[in-house]
1. Using a 1.4 Å probe over the heavy atoms of the protein chains, calculate the carbon and sulfur portion of the accessible area of the chain as a whole percent.
2. What does a probe at Ala145 reach in the range 157-187, counting residues whose amide N is under 14 Å from the point 7 Å along Cα→Cβ?
3. To the nearest 10 degrees, how steeply does helix 164-183 sit against the main Cα axis of the chain, on a 0 to 90 scale?
4. How large is the charge dipole for the chain, taken about the Cα centre, if only the Cβ atoms of Lys, Arg (+1) and Asp, Glu (-1) carry charge, to the nearest 20 debye?
5. Please work out the FRET efficiency for the pair Ala71 and Glu168, using the Cβ-Cβ distance as r and a Förster radius of 22 Å; give the result to the nearest 0.05.
6. What angle do you read, to the nearest 10 degrees and between 0 and 90, between the alpha-carbon axis of helix 240-259 and the longest principal axis of the chain?
7. Amide H to amide H under 5 Å from Val120: which residues, 5+ apart in sequence or cross-chain, H placed 1.01 Å off N in plane?
8. Pop out the ³J(HN,Hα) list for the range 46-58 in order, Karplus 6.51 cos²θ - 1.76 cosθ + 1.60 with θ = phi - 60°, rounded to Hz; leave Gly and Pro as x.
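The values are calculated or read from the model by the stated rules, or taken from the named source; none is laboratory data. This structure is a prediction, so every number in the text was calculated from the model and none was measured. Here the Cβ positions follow ideal geometry from the backbone for every residue, glycine too, while neighbour counts run over all protein chains shown. We work out accessible area using only protein heavy atoms, side chains counted, and drop any ligands, DNA or RNA first. Shrake-Rupley method; radii C 1.70, N 1.55, O 1.52, S 1.80 Å.
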Amino acid sequence: MVASPWFLTSETAAGHDLDAVRVYCFPHAGGNPRTFLGWQPALEPDALIAAVCPPGRGHRFREPAPASLGALADGAAAAIALADAAGRRPFLLFGHSFGAALAFEVARRLDGVRGFAGLVASGCAAPSLLPTPRVVEAARLEGRAFTEAVGFFGGLPPEVMHDEAVQELLLPPLRADFRMVAAHRYRPGPPLTVPVTLLNGTDDPHVGPAALDPWTRECAARPARHWAVGGHFYFEDRPDAATSLLRSLARAAAAAAELTKPVASGSIAPGDEYVELI
């Protein structure tokens, strides 16, 4: 993969197969992309996690943050297209909550690019329903009121909820992401031609079945739905709910890529041999 400040990979994957499926992961609002690197062992040897770190965050904190979700999607899509310019290997996009909304916009920009094998949208209402009224209201708040509003979604440790000093240190990126989503306006577009998978917690108070139904209008084929036990951040206690699905999709993408490779002279064509995909 082309070295880029946009992507973080696990040190444990240093010797990973260069042709392995890439899974580009977009964190939730205010989330640390490094969290995804802890999923790497569960995906080996089938996939390599590339956590997406935008300008203004993490090791890129000195860079100007993008002014809008669209600008952020433009930059991420360009970086992914450059990293996979050779088109030798498949890649997937995974995003959770805010990250899923961003990953969807990136998918729109990459749809049709060789190697793009699918989008996994986790914990996110259909794009046409965004921003939700609750997100818009939270984005208007400051201080303790903002903390309590975003606490509805879960994911904030008790020490953050109860310590204003910690809030002042950690919540500005979260507030900036909420405001970015609140300012974003959905625009209808052609349905995605890549497979789309929806993954959500059964007890998510923010995203229920009705909020997922309009996803069908964004996809050429009906999106697959998967449910995990838990709330909005279902993967905090059960990361395998996400990693097992991603590993399965990575294997399927790799198998499909093998079937579409040009057949060398004198070799057996894919149609001459029975292949079972699990």
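1. Percent of accessible area from carbon and sulfur atoms in the chain: 56.
2. Counting backbone N atoms under 14 Å from the label point, the list is empty.
3. Taking the Cα atoms of the chain, the angle to 164-183 is about 60 degrees.
4. 820
5. Taking R0 as 22 Å, the efficiency between Ala71 and Glu168 is 0.25.
6. Roughly 30 degrees, rounded to the nearest 10.
7. Those lying under 5 Å, H to H, from Val120 are Leu93, Phe94, Gly95, Thr197.
8. In residue order, the calculated couplings are 7, 8, 10, 6, 10, 7, 8, 10, x, x, x, 10, x Hz.
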